[in-house]
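Have a look at the structure below, then the notes.
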Amino acid sequence: MGIKAVVIGGSGATGKELVQQLLDRPDVEQVKVLLRRPYFKPHTKLDEVIVDFNMLAQYSEHIEGDIAFSTLGTTIKDAGSQEAQWKVDHDYPLVFAEIAKQNGIQTFVLLSSMQADPKARLFYPRMKGTLEHAIQKLNFPSYIILRPGIIDRPNTDRTGEKLAVRIIKLLNKMGLLHKLRAITTVDLANALIAAGIDFPKAGEQLYESPEILAGIKR
């Protein structure tokens, strides 16, 4: 029997790369993706489940398998307020994780953010850090957190992110800040899979930007 994976955030820049790479793997038997609306082309391994994330518990029968990936997230611009962004970036992934744990999923992989800290003064890293700690309390047999730096998303409309990527690339060309270089969504998706499937470990595993950029091999 192959690996059965379930994903939220699959329509995002990193999430769609993750789903495609999972589908391309011969050791993956099934990929369930929870989405607000249909998104992917049909595939023999793919099961799109259209859900209302405000009522995620009603879809618990679909949150099952061997490994769960959460790449769900939005911007405050798209969400409209901090409260709305908290719901998408914190509440939905936490409910997803709680159901995954109840349904016996052994490995949970969370795409977080650099400097995530529940005690951070800034809203975004505090939100991400609070989520990390809340999922930690669920005691998955294997809990994997990735905290990438700046993500190089193709065709992104995130103005601040595009500017940051340009600055980092310029500094890299000057021989500076190589450990903080931007990571492509393809490489980040590969790192998520490497951490969760290729090199899994029991307990909690935390990967920061330098390890993610180097390729997860431990």
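FYI, it's all coordinate maths here, none of it is from the lab. From a predicted model like this one, the values you see are computed outputs, not experimental measurements. With ideal geometry, Cβ positions are generated from the backbone for all residues, glycine too; neighbour counts draw on all protein chains shown.
Odds and ends about this structure:
- Using a Gaussian network model of the chain in which every pair of alpha carbons under 10 angstrom is joined by a spring, one finds that among G15, G196, G104 the greatest mean-square fluctuation is at G104.
- Only helices enter this figure: runs of n ≥ 4 DSSP H residues, each worth -39500 (n - 2.57), summed and divided by the residues of the chain, yield -10000 deg cm²/dmol at 222 nm to the nearest 500.
- Built amide H within the under 5 Å cut-off of Q205, gap 5+: Y143, I144, I145
- Cα extents of the chain along the three principal axes, largest first (Å): 50, 39, 35
- FRET efficiency, 1/(1 + (r/R0)^6) with R0 22 Å, evaluated for R25 and Q58 via beta carbons: 0.15
- Lys/Arg +1, Asp/Glu -1 at C-beta; the range 60-150 dipole; positive extreme among I145, A68, M127: M127
- In terms of packing, defined here as the mean over residues of other Cβ atoms within 10 angstrom, the peptides 137-149, 41-53 line up highest first as 137-149, 41-53.
- Beyond 24 Å in Cα-Cα separation lie the following of the pairs K16/K128; K45/K77; K32/K119; K137/K201; K119/K201; K4/K101: K45/K77; K32/K119; K119/K201.
- If a spin label sat at a point 7 angstrom from the Cα of Q106 along the line to its beta carbon, the backbone N atoms of the range 183-218 nearer than 20 Å would be those of 192-206, 217-218.
- Compared with the dominant Cα axis of the chain, that is its longest principal axis, helix 92-102 is turned about 40°.
- Radius of gyration (Cα atoms) of the range 60-160, expressed as a multiple of 2.2 N^0.38 Å: 1.09.
- Whole-Hz ³J(HN,Hα) from phi, Karplus 6.51 cos²θ - 1.76 cosθ + 1.60, for the range 185-199, glycine and proline x: 5, 5, 5, 5, 4, 4, 5, 4, 6, 4, 5, x, 10, 7, 10
- Highest-fluctuation residue, L122, L111, L188 considered, GNM on the chain with Cα pairs under 10 Å: L122
- For the range 70-77, the Karplus equation 6.51 cos²θ - 1.76 cosθ + 1.60, evaluated at θ = phi - 60°, returns couplings of 10, 10, 6, x, 9, 10, 5, 5 Hz by residue, with Gly and Pro reported as x.
- Built amide H within the under 5 Å cut-off of T184, gap 5+: D152
- Dipole check for the chain: with +1 at the C-beta of Lys and Arg, -1 at the C-beta of Asp and Glu, and the Cα centre as origin, the magnitude is about 820 Debye.
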